[in-house]
1. Could you check, for the range 158-172, whether at least one of its residues is part of a strand (DSSP E or B), at pLDDT 95 or above, among the aliphatic types (A, V, I, L, M) and farther than 24 Å from His9 by Cα?
2. Based on this model, can you work out whether Thr58 counts as open to solvent by 40 Å² or more (accessible area, probe 1.4 Å), β-branched (Val, Ile, Thr) and over 23 Å from Val99 (Cα atoms)?
3. Are any of the residues in the range 127-144 at pLDDT 95 or above, within 17 Å of Leu46 (Cα to Cα), of a type in the set (Asp, Glu) and surrounded by 14 or more Cβ atoms within 10 Å (Cβ to Cβ)?
4. List every residue pair whose Cβ atoms lie under 9 Å apart, where the two residues are 6 or more positions apart in sequence or sit on different chains, the first residue falls within the range 168-188 and is touching a residue at least 24 places away in the same chain (Cβ under 8 Å) and small (Gly, Ala, Ser), and the second residue, located anywhere, is open to solvent by 40 Å² or more (accessible area, probe 1.4 Å) and outside any loop (DSSP other than H, G, I, E, B).
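The values are calculated or read from the model by the stated rules, or taken from the named source; none is laboratory data. Note that the structure is a prediction, hence the values are computed from the model and not measured. Cβ coordinates were reconstructed from backbone atoms using ideal geometry, including for glycine residues, and neighbour counts include every protein chain displayed. Each accessible area value is taken on the protein alone, full model and side chains, heavy atoms only, with ligands, DNA and RNA left out. Shrake-Rupley method; radii C 1.70, N 1.55, O 1.52, S 1.80 Å.
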Amino acid sequence: MIPPAATTHLLYLHGFRSSPRSMKAQKVAARVRQRHPGVTWWCPQLPPSPREAMALVTEGTADWPRTTMAVVGSSLGGFYARWLALQTGCRAALLNPAVFPARDLAKYIGEQTAWHDPQERFFFQPGFVNELRTLEADIARLSPPHPASPGRQFAIVAQGDEVLDWREMRAFCAGGELRLLPGSDHAISDFDAHIDALFDFLALAT
């Protein structure tokens, strides 16, 4: 099998109530800056509306080369990353990805605070759940039973995740390379132990 071309453009998508200031986003950003300064890096602050978030990402990556771009996503960002990979054919790395976000986030309708700045508030509207259902339908329509391959998708799934069911995540990541952690947690607090495997998959240009 011919290895994929080196990644020249890298997108990072954070999770629900999170931001580019998340621990994993910061660690990935720092390594890209230090070791791969020629790579185009983008980690946008995503709006709470899933439709607007994907419109932002789609527009922002419209001129990126599909064969040498990749996306990393954590939690809800992992769900978004899977959606984007199916839309563009790019490689994707999923970190404890949300599988059924419409179901899981329906209980968060109302005012929310941002993890990294409790003073920052936003309203998670009922319509956002319907927008998530639309994205879920897109994924179901575009992906066969085992949609990914080890060269195109990499996932880190923690059995100790206190927020998401690791069995659902494992099924969602079927076909790709899976790093199943016997413990850890939703934040993957031991991310330092796994970042090398992530970067091995991404194969960033130097």
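1. As a first pass, look at the range 158-172 and keep what is part of a strand (DSSP E or B): 158.
The next check asks that each one be at pLDDT 95 or above; those that pass are 158.
If we keep only those that are among the aliphatic types (A, V, I, L, M) as well, we get 158.
Now drop any that are not farther than 24 Å from His9 by Cα, which leaves 158.
Taking every residue of the range 158-172 in turn, at least one turns out to be part of a strand (DSSP E or B), at pLDDT 95 or above, among the aliphatic types (A, V, I, L, M) and farther than 24 Å from His9 by Cα.
2. Values: open to solvent by 40 Å² or more (accessible area, probe 1.4 Å): yes; β-branched (Val, Ile, Thr): yes; over 23 Å from Val99 (Cα atoms): no.
No, not satisfied.
3. yes
4. Ser184/Ala193; Ala187/Met23
Conditions (1) buried (at least 17 other Cβ atoms within 10 Å of the Cβ); (2) under 30 Å from Asp165 (Cβ atoms); (3) under 12 Å from the mean Cα position of the chain (by Cα), marked per residue:
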| site | (1), (2), (3) |
| --- | --- |
| His9 | yes, no, no |
| Ser19 | yes, yes, no |
| Val28 | yes, yes, no |
| Ser75 | yes, yes, yes |
| Gly78 | yes, yes, yes |
